[in-house]
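Data block below; observations after.
The values are calculated or read from the model by the stated rules, or taken from the named source; none is laboratory data. Bear in mind the structure is a predicted one, so any value in this text is a computation, not a measurement. When we count neighbours, we look across all protein chains shown, and the Cβ atoms used for this are built from the backbone with ideal geometry, even at glycine. Side chains are part of the model used for accessible areas, which takes the heavy atoms of the whole protein and leaves out ligands, DNA and RNA. Shrake-Rupley method; radii C 1.70, N 1.55, O 1.52, S 1.80 Å.
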Number of protein chains: 2
Amino acid sequence: MDAEQLREYGHKMVDFIADYYKTIENFPVLSQVEPGYLRNLLPDSAPNQPDSFQHVLDGEVAQLILEFIRLHIQAKILPGVTHWQSPNYFAYYPSNSSVAGFVGEMLSAGLNIVGFSWIASPAATELEMIVLDWLAKMLKLPEDFLSAGQGGGVIQGTASEAVLVVLLAARDKVLRRVGKDALEKLVVYASDQTHSSLQKACQIAGIHPENCRLLKATSSTNYALSPEFLSETISQDLTIGLIPFFLCATVGTTSSTAVDPLLSLGKIAKSNGMWFHVDAAYAGSACVCPEFRHYMDGVEEADSFNMNAHKWFLTNFDCSALWVKDRSALVQALSTNPEYLKNKKMADSKPAKTWFLMYSGKLAKLVASQANMVVDYKDWQVPLGRRFRSLKLWMVLRLYGLENLQCYIRNHIKLAKHFENLIAQDPRFEVVTPRIFSLVCFRLLPVRNNESHGNKLNHQLLDAVNSTGSAFISHTVLSGKYILRFAVGAPLTEEKHVNAAWKVLQDKATSLLAESL
Amino acid sequence: MDAEQLREYGHKMVDFIADYYKTIENFPVLSQVEPGYLRNLLPDSAPNQPDSFQHVLDGEVAQLILEFIRLHIQAKILPGVTHWQSPNYFAYYPSNSSVAGFVGEMLSAGLNIVGFSWIASPAATELEMIVLDWLAKMLKLPEDFLSAGQGGGVIQGTASEAVLVVLLAARDKVLRRVGKDALEKLVVYASDQTHSSLQKACQIAGIHPENCRLLKATSSTNYALSPEFLSETISQDLTIGLIPFFLCATVGTTSSTAVDPLLSLGKIAKSNGMWFHVDAAYAGSACVCPEFRHYMDGVEEADSFNMNAHKWFLTNFDCSALWVKDRSALVQALSTNPEYLKNKKMADSKPAKTWFLMYSGKLAKLVASQANMVVDYKDWQVPLGRRFRSLKLWMVLRLYGLENLQCYIRNHIKLAKHFENLIAQDPRFEVVTPRIFSLVCFRLLPVRNNESHGNKLNHQLLDAVNSTGSAFISHTVLSGKYILRFAVGAPLTEEKHVNAAWKVLQDKATSLLAESL
């Protein structure tokens, strides 16, 4: 770790990344390599000596990194990259990068601290608490979710980890009440449109697979979970002695951005003593705009709420924001406190009295209310170690500000509306579900109403478009129909990119329809 | 995301980080702030507009980031940072940063892809497979752990996640055999010196707390797990109808770098049909040196092996390398396959026949053996999304090479030996357990053999040293004794830093002993 070498390497890498963004449209969005391509390009073993060792001897440090970039990164890695930052990326959901997010990530990597407890780097814990309070206020979350009370926010790596930790908190909370042998009786509820991470979390937590109720949501509710169906199912489960304990609702499902009716669902959860989690991983970002905030109405009934700042909020991956009303439930499920991590300054969520015992000297002057000032985030998550991820979110919020972020969201939604209008003008296509945010679900209509051919046709259309490399879209299946997903949300996307992608879709559709006649 | 703004911001941030490393010794290693310090320095809410908006209007982009660094990062964040990269950092275990690791992390943040499946960015999956094969060879892991067979390596965020996913794989494997209602009968074994992440993993996986056997390890074995004790305990558990299914051994425990006897333990695990996991999170790095490799002897009996490249192997946090012999066990425990993530090119560990069905056209020419060429890492881990973490490990291995990495490790071990010798020359101190790698466990001897006073004395010594800000050490408890840990491993540490820390320890000891007379 030589500071001047870091400077030289760092500058060259910054230039490479800046140039990458300038030329990003020259690459096929979806990587066109075949499986195993890289195995043929790299040696079987790591080098004993750095292969450009001569350069270091000669003091040509800058030359070394330039050659590495040219010979290795450009020649071998970039062909295998699917360019999530391309303006022509419309697949899955976006993974936003921004200048503020990028330099925040750089700073985190530069300091390279491991913030498992407050003392391991106080700024890491405290900035995270503060910035998640900021974001909670931007989303107008109920005050119970703020860190001043019994709740608070935490940055998880992904929404998968967010739903896992709250499921564990809920599981252990109910098992403390009914006895740990009741695990096999616990039941989880959600719609079948819920992200697969819920099912994975249930697998991990040992919930019996048949007790993971993924209730069918249909086009009649635009794929939202029906409160009546939920109530009925819970009643049936109670009748046979099962224990409903967890409900997961979604604001903006992955397939089609369906919005579950939080208020009705939350009341059902509450009346049955269940934990109510709201997954707004994608659409949460839109809810910083007043005109979209109503999709979150009912969040006041929730025990936990999650949105991914790394999806559509200009914060580089990974940054999944999770808030809970009762942080002690998380801590009870996830804490361990081995001697080698203890520290006199290690503040935690223990009662103030215990906390005082761990402090001494000058710190004993702290008043009791301050015992809630800091937490140990290791007990809010699965891993022990954690990066200083709040830096990038803080820089995004500070360097862009709420109004710019709202404009950013609105622009993508406007572009999605524009795409929707383009589809409406071509009778060969249909929009399948109402567009709510920046995802458009559509398909090429089957010829002669032959639905099975329609599925094949749209699959072929997807492949045809993606193999051009000029745009990347993905798909889903709704009510048995193969549907194309056009998700606007890459930071560089402008109207011209939407138009160009639509042109490719139309052209490929024309070819496919001609072939199938 | 403006490429030229990224360039300007990026260059300024590189300079800031390089300057930080040049001046890192000027900061107190352990942050000296009090809990809640940052709340007083930051506003209660995020700004509606970026507070330096005027600068952007004026086109003074570079000025904006410089002001942000000065007013916010330097003034508010740095005082709350505990400097893990300081050469005077000797606490916990190290968290290595290096030039190669840093620029690798930068590149990962720049590309900002989410590599959950092969197709989401083929290079991310393939480079990870290849680089973990490289590292496996450097560690001389058995061939079963390489990706060419049924095994392979994966980068997890932390060792906590590594032990969790293999515990889940083992749990579900045994439950498939004996029925899922047997969860309450499953028993996990390890020494009480095992990292707390095992206990946390058991909590998460629903293993009954009383079935998590943390067998007492004593000074008689230098805190290694006794195979006889293990055998006896397993026999007793079998007698009462329990099901032993998981054994975790450690090479280099967190408290004192104890090394469990892998070969004997592994044979016991095998004869009882248990999953055998080896946690070498810290000491694994040392095993790339031939003279230390014998500490891993017996790893051929293991089902899984873990080492943290982010601890002591110059790879910025996070990068925890996990290898398994049977990747299908992981996939069976952790896979979900929703429609919206499916892709014609999505290769996975399904039988070759199924795999072929997912491919079409030009790819159908692939021969069956190639079906094993790529994997979908989402099914090897808890989260769905994942960063392109192999880049930084690849750059470390390529830009430094094995020989330099070996020198790096040896130098730290030499410095730890040096510290050990310094202690030996001062009769007021003792080395408590034999030093094996780069951690020295020692203490100030109690006055008049008063052990309870000895604990207080060493606690006071720790606080006295750490509050100077000139060095940061941590502690543990072994056999009821409060022990100081001196972990050499920060990349910038040289002999002069070890000497200086020793001087502070001696001076503070002199004062404390004078006070206690």
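If I ask for residues that are open to solvent by 10 Å² or more (accessible area, probe 1.4 Å), closer than 18 Å to A:Gly489 by Cα and either polar (S, T, N, Q) or under 21 Å from the mean Cα position of the chain (by Cα) (or both), which ones from region A:379-406 would you list?
Residues satisfying the conditions are A:Tyr400, A:Leu402, A:Asn404, A:Gln406.
For region A:187-230, how many residues are over 24 Å from the mean Cα position of the chain (by Cα), open to solvent by less than 50 Å² (accessible area, probe 1.4 Å) and over 15 Å from A:Leu262 (Cβ atoms)?
Of the residues in region A:187-230, 3 are over 24 Å from the mean Cα position of the chain (by Cα), open to solvent by less than 50 Å² (accessible area, probe 1.4 Å) and over 15 Å from A:Leu262 (Cβ atoms).
Would you mind stating whether A:Leu71 is touching a residue at least 40 places away in the same chain (Cβ under 8 Å), over 30 Å from B:Ile24 (Cα atoms) and either more than 9 Å from every other protein chain (Cβ to nearest Cβ) or part of a helix (DSSP H, G or I) (or both)?
Here the answer is no, as A:Leu71 does not meet what is asked.
From the list A:Leu405, A:Leu462, A:Leu399, A:Leu393, which one is more than 24 Å from A:His310 (Cα to Cα) and either assigned to a helix (DSSP H, G or I) or within 13 Å of chain B (Cβ to nearest Cβ) (or both)?
The unique qualifying residue is A:Leu462.
Quick one: count up the residues across region A:74-98 that are without any contact (Cβ under 8 Å) to a residue 40 or more places away in the chain and either of a type in the set (Gly, Ala, Ser) or at the interface with chain B (Cβ under 7 Å from one of its Cβ atoms) (or both).
Total meeting the criteria: 2.
Working only within region A:161-208, note down all residues that are acidic (Asp, Glu) and more than 9 Å from chain B (Cβ to nearest Cβ).
Selection gives A:Asp192 alone.
Does B:Ser220 qualify as being in a helix (DSSP H, G or I) and either away from every other protein chain (no Cβ under 13 Å) or not small (Gly, Ala, Ser) (or both)?
yes
Is there any pair linking a residue in region A:449-466 that is assigned by TED's automatic domain parsing to the domain that holds A:Trp502 to one that is open to solvent by 50 Å² or more (accessible area, probe 1.4 Å), with Cβ under 6 Å and at least six apart or on different chains, and which?
Taking only residues 6 or more apart or on different chains, the pairs are A:Leu461/A:Lys508; A:Ala464/A:Lys508; A:Val465/A:Lys508.
Return the residues of region A:20-32 that are in a loop (DSSP other than H, G, I, E, B) and surrounded by fewer than 17 Cβ atoms within 10 Å (Cβ to Cβ); say none if nothing qualifies.
A:Thr23
Among the residues that make up region B:498-515, is at least one of them aliphatic (A, V, I, L, M), open to solvent by 60 Å² or more (accessible area, probe 1.4 Å) and out of contact with any strand residue (DSSP E or B) (no Cβ under 6 Å at 6 or more places or on another chain)?
Yes, region B:498-515 contains at least one residue that is aliphatic (A, V, I, L, M), open to solvent by 60 Å² or more (accessible area, probe 1.4 Å) and out of contact with any strand residue (DSSP E or B) (no Cβ under 6 Å at 6 or more places or on another chain).
For region A:242-299, give me each residue that is closer than 15 Å to A:Leu198 by Cβ and in contact with a Ser or Thr (Cβ under 6 Å, 6 or more places away or on another chain).
A:Cys248, A:Thr250, A:Ser255, A:Asp260, A:His277, A:Asp279
Can you pull out every residue in region B:108-148 that is basic (Lys, Arg) and without any contact (Cβ under 8 Å) to a residue 24 or more places away in the chain?
B:Lys137
Could you identify the single residue in B:Ser220, B:Ser160 that is under 24 Å from A:Glu339 (Cα atoms) and in contact with a Pro (Cβ under 7 Å, 6 or more places away or on another chain)?
B:Ser160
Of the conditions (1) touching a residue at least 24 places away in the same chain (Cβ under 8 Å); (2) in contact with a Lys or Arg (Cβ under 8 Å, 6 or more places away or on another chain), B:His418 clears all except one; give me its number.
(2)
Which count do you get for residues in region A:233-259 that are within 23 Å of A:Ile207 (Cα to Cα), under 18 Å from the mean Cα position of the chain (by Cα) and not β-branched (Val, Ile, Thr)?
The qualifying residues number 2.
Tally up the residues in region B:407-447 that are open to solvent by 40 Å² or more (accessible area, probe 1.4 Å) and closer than 13 Å to B:Gly489 by Cα, please.
Selection size over region B:407-447: 5.
Under 7 Å between Cβ atoms, at least 6 apart or on separate chains: pull out the pairs that start in region A:33-44 with a residue that is over 23 Å from A:Asn466 (Cβ atoms) and end on any residue that is modelled with pLDDT under 90 and part of a helix (DSSP H, G or I).
Filtered contacts from region A:33-44: no entries.
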